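This report concerns only the one structure given below.
The values are calculated or read from the model by the stated rules, or taken from the named source; none is laboratory data. Just so it is clear, the structure is predicted and the values come from calculations on it, not from any experiment. Here the Cβ positions follow ideal geometry from the backbone for every residue, glycine too, while neighbour counts run over all protein chains shown.
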Amino acid sequence: MEGSVDLKVAEEAADALNLPLTHESVSLKELEKSLPNIVESIEESDFLQVGIAGPLYFASKEASNRGYKIIISGNGSDEIFAGYAKYFKAYNESEKKVIENLNYDVLNSYKINFDRDWKICTDNGLELRLPFTDHMLIEYTKNTY
């Protein structure tokens, strides 16, 4: 949405990396109008899941409108590189707890995240690709824990 912190950070990152950035802002009215489509696509109405699916819905819809056939997501990176705050909290308990959490999340990402995201992208006519789910990359990171 226009004025969001995420948009500001994305603009700063694009500038720092000297990359072009294209963005489309979504109004509250557009979001409200699209909620039934999002819920239908992911086949659930859980507030958290709908909230996570929303940005990908709009991004994949825009990519499809621009004629793209594939969309690439960084999904999976937090699970293999311990990017969530919950891993930091677990680390304060024990290193073993972090490794257990990471392994669980990597093994279950397909049903927690990927299924939802695949449905959104497929319904918008796109193939979802997840480079951070590459088996060799996951094995490499597991060997560094």
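Pick from TYR87, TYR57: which is touching a residue at least 12 places away in the same chain (Cβ under 8 Å), under 16 Å from LEU126 (Cα atoms) and aromatic (Phe, Trp, Tyr)?
Values: TYR87 fails: under 16 Å from LEU126 (Cα atoms).
Result of the check over TYR87, TYR57: TYR57.
It is to be established whether one or more residues within region 1-9 are touching a Gly at 6+ places or on another chain (Cβ under 9 Å) and not in a helix (DSSP H, G or I).
Taking region 1-9 and keeping what is touching a Gly at 6+ places or on another chain (Cβ under 9 Å), we get none.
Scanning region 1-9 turns up no residue that is touching a Gly at 6+ places or on another chain (Cβ under 9 Å) and not in a helix (DSSP H, G or I).
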Residue pairs qualifying under the 7 Å Cβ cut-off, at least six apart or on distinct chains, with the first in region 129-145 being closer than 23 Å to ASP115 by Cα and the second being among the hydroxyl-bearing types (Ser, Thr, Tyr) and surrounded by 12 or more Cβ atoms within 10 Å (Cβ to Cβ), are LEU130/SER73; PHE132/SER77
State all residues of region 46-63 that are among the aromatic types (Phe, Trp, Tyr) and surrounded by 14 or more Cβ atoms within 10 Å (Cβ to Cβ); if no residue qualifies, say none.
TYR57, PHE58
Is it the case, given these coordinates, that GLU43 is in contact (Cβ under 8 Å) with a residue 12 or more places away in the chain, surrounded by fewer than 17 Cβ atoms within 10 Å (Cβ to Cβ) and at positive phi?
yes
May I ask you to say which residue of ASN103, ASN65 is polar (S, T, N, Q) and more than 26 Å from SER25 (Cβ to Cβ)?
ASN103
Please verify whether region 64-82 includes one or more residues that are farther than 28 Å from GLU44 by Cβ, at pLDDT 90 or above, surrounded by fewer than 18 Cβ atoms within 10 Å (Cβ to Cβ) and among the hydroxyl-bearing types (Ser, Thr, Tyr).
no
Please pick out the residue among LYS97, LYS119 that is in contact with a helix residue (DSSP H, G or I) (Cβ under 6 Å, 6 or more places away or on another chain), under 26 Å from GLU30 (Cβ atoms), surrounded by 14 or more Cβ atoms within 10 Å (Cβ to Cβ) and among the basic types (Lys, Arg).
LYS119
Go through region 83-97 and report how many residues are under 24 Å from LYS111 (Cβ atoms), among the small types (Gly, Ala, Ser) and at pLDDT below 90.
1
